[in-house]
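J.: Structure incoming, see below.
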Amino acid sequence: MQKSAASKETQWWEKGVIYQIYPRSFSDSNADGIGDLEGVIRKLDYLNDGSEQSLGIDAIWLNPIFPSPMADFGYDISDYCNIHPFFGDLDVFGRLVAAAHQRNIRVILDFVPNHTSDLHAWFVESRSGRKNPKRDWYIWRDAKSDGSLPNNWGSAFGGPAWEWDAVSAQYYLHTFLKEQPDLNWRNPQVKKAMLDVLRFWLERGVDGFRMDVVGMILKDPELRDNPELKNDLDPASPDGPYYRQLHVHDQDLEEVHELIRDFRILLDEYPERCGIGEVWYELPRWIKYYGSRGDELHLPFNFRLMKAPWNARAIRESVDEMERTLPDFAWPNYVLNNHDSPRLVSRVGDEQARVAAMLLLTLRGTPTLYCGEELGMENGVISQDQMQDPQGFRLGAQYNRDLSRTPMQWTDGPNAGFSSGQPWLPVTPSYQIKNVATEDRDPTSMLNLYRSLIRLRKQRTALQSGSYTSVAVESSDCFVFERSQNGEQYLIALNFSYKHQTLKIPGLMEGKLLLSTYLDNFEVFGKNTLDLRANEGVIIEIKHNYVTRQDG
């Protein structure tokens, strides 16, 4: 299976590496225990100062930094056009954008279009009375004639998606917390106001937006009940109506694509701006968010590798299926970590996390790293009395997102160098080993592996925008593929097992080892064979073209 990049100029979001920053947990500059924008500015050189000692990323995505009562830690926005005092102000944000751009780092903001805070001025007006001009900015409904809820929709945080407002004697819709009322995107005034929000930040130099749950923003105008799941219910799913339904009427409606095209039209007014979307749907539905002509999202986030079983066969099948299915104009992307999911190391282990790093940074497509991923950070240890996450409180500790939101580990000193005050979440117990300062001194550390992978990716254009060819090998424990472009040819071989593997691959007598996940110079080439140590991935430059053998 072979897939090439579209024949057009490569954009920064196609060849670059995106780094997700959870601002509360990245770096605290004022000792209040909460990370802030000044802290991000102070760490920009770590991310990319142009030297080989920096990580070398090309863009930062900041989780929400807007004014908010923090019921859901910033995803309940009370003012879309300002900065929460925890993080700074508009002047500090302006300095951050300028300092990032000086280092060739793009800045991507989180855009939360589905809902606001219940303290947003729009909702305060809306709930003040049925005749208020902003009443229809949100989704209000009477109870049914028997006094029951307007329909059977559930909240993703448990319980029904409807909250009774005693003052106006109606229910309002909230797909998440009751403090997060859903906007009514069928109201053209809402659409205009939210497009104005995007323009506000574009005018301040923002390079793009990650759009939160963007497929959910439009609801069935008749508010019809969702069908109930029967035998397909995953026993591991949380309890509650949301997880027992097929979401055919409350999300992923066909009309939502028209709204996303409007987002794209606005982005295209500004050169080199990127639209990224949080879209969790299965592949045929997910691909539609690129648009039928590539006129919607530049990058619908691809979470498939986060959900796939961690073995070579499953990962290869996931990649090959997407490569087969993507239209030529669509650029792929991959994610292994984020602020809502368990840490990669806690899922696959330290050894396989190194293999995962090579996978992420050599596949055809844009990689997004989550802060601390490059250190091998693992899930935090959070006691019941330390828990902050509303999802954990409502769905159970096993769904506690605090585990992946613990402070970034800069040093082996107090609070991992994150803050001189009391951190809002405790640092992980392994911070004295897994931190920037310690790993910087270890030439074989995870941090130095990420630096080496990103540097090699920048140096070899075939690893940025070249074609992808899946290579068949006899071992079911290994995933092997080729990247090539304009005479450059590289073989990536990944051992997903804890045992030695010998692979038969024609042409390797002409190959040169560029990088091993072990970060040493050990290489064993036999006649058309490659030896991989346990949990090892390698990148090999092929000096002589050879015929790859593919699966049927």
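J.: Taking the stretch 380-393 only, how many residues are crowded, with 18+ Cβ neighbours inside 10 Å and farther than 19 Å from ALA71 by Cβ?
T.: Count: 1.
J.: Could you check the stretch 8-19 and list, in sequence order, the residues that are in contact with a Cys (Cβ under 9 Å, 6 or more places away or on another chain) and surrounded by fewer than 23 Cβ atoms within 10 Å (Cβ to Cβ)?
T.: Within the stretch 8-19, GLN11, TRP12 meet the criteria.
J.: Looking only at the stretch 44-63, count every residue that is touching a helix residue (DSSP H, G or I) at 6+ places or on another chain (Cβ under 9 Å) and either touching a residue at least 60 places away in the same chain (Cβ under 8 Å) or of a type in the set (Ser, Thr, Tyr) (or both) and tell me the total.
T.: 11
J.: Across the stretch 116-138, what is the number of residues that are out of contact with any strand residue (DSSP E or B) (no Cβ under 9 Å at 6 or more places or on another chain), hydroxyl-bearing (Ser, Thr, Tyr) and open to solvent by less than 40 Å² (accessible area, probe 1.4 Å)?
T.: Residues in the stretch 116-138 being out of contact with any strand residue (DSSP E or B) (no Cβ under 9 Å at 6 or more places or on another chain), hydroxyl-bearing (Ser, Thr, Tyr) and open to solvent by less than 40 Å² (accessible area, probe 1.4 Å): 1 in total.
J.: Given the criteria surrounded by fewer than 20 Cβ atoms within 10 Å (Cβ to Cβ), of a type in the set (Gly, Ala, Ser) and touching a residue at least 40 places away in the same chain (Cβ under 8 Å), does GLY205 qualify?
T.: Yes: the conditions hold for GLY205.
J.: Every residue in the stretch 132-181 that is small (Gly, Ala, Ser), in a loop (DSSP other than H, G, I, E, B) and under 23 Å from ARG244 (Cβ atoms), please.
T.: ALA143, GLY147, SER148, SER155, ALA156, GLY158, GLY159, ALA161
J.: Could you identify the single residue in GLY33, GLY88, GLY94, GLY74 that is open to solvent by 10 Å² or more (accessible area, probe 1.4 Å), at positive phi and either in contact (Cβ under 8 Å) with a residue 12 or more places away in the chain or of a type outside the set (Asp, Glu) (or both)?
T.: GLY88
J.: How many residues does the stretch 425-449 contain that are within 23 Å of LEU515 (Cα to Cα) and open to solvent by 50 Å² or more (accessible area, probe 1.4 Å)?
T.: Residues that pass the stated criteria total 5.
J.: Can you report the number of residues in the stretch 450-471 which are open to solvent by 50 Å² or more (accessible area, probe 1.4 Å) and either part of a strand (DSSP E or B) or not polar (S, T, N, Q) (or both)?
T.: Within the stretch 450-471, residues that are open to solvent by 50 Å² or more (accessible area, probe 1.4 Å) and either part of a strand (DSSP E or B) or not polar (S, T, N, Q) (or both) number 3.
J.: Could I ask something else about it? Testing ARG364 on (1) within 20 Å of ILE18 (Cα to Cα); (2) charged (D, E, K, R); (3) open to solvent by 10 Å² or more (accessible area, probe 1.4 Å), one condition comes back false. Which one is that?
T.: Checking ARG364 against (1) within 20 Å of ILE18 (Cα to Cα); (2) charged (D, E, K, R); (3) open to solvent by 10 Å² or more (accessible area, probe 1.4 Å), the one that fails is (3).
J.: Return the only residue of VAL167, VAL124 being modelled with pLDDT of 95 or more and among the β-branched types (Val, Ile, Thr).
T.: Within the list VAL167, VAL124, the selection yields VAL124.
J.: For the stretch 376-384, check the following and say yes or no: at least one residue is part of a helix (DSSP H, G or I) and modelled with pLDDT under 95.
T.: Yes, the conditions are met somewhere in the stretch 376-384.
J.: Got a sec? Which strands (runs of 3 or more DSSP E) wholly within the stretch 482-530 have at least 3 residues that are at pLDDT 95 or above and buried (at least 22 other Cβ atoms within 10 Å of the Cβ)?
T.: Ranges flagged: 488-495.
J.: Identify, from the list LEU425, LEU447, the residue that is touching a helix residue (DSSP H, G or I) at 6+ places or on another chain (Cβ under 9 Å), modelled with pLDDT of 95 or more and in a helix (DSSP H, G or I).
T.: LEU447
The values are calculated or read from the model by the stated rules, or taken from the named source; none is laboratory data. Not measured: the values here are computed from a predicted model. Counting neighbours? That spans all protein chains shown, and the Cβs are built from the backbone with ideal geometry, glycine included. What goes into the accessible areas is simple: the full protein's heavy atoms, side chains included, and nothing from ligands, DNA or RNA. Shrake-Rupley method; radii C 1.70, N 1.55, O 1.52, S 1.80 Å.
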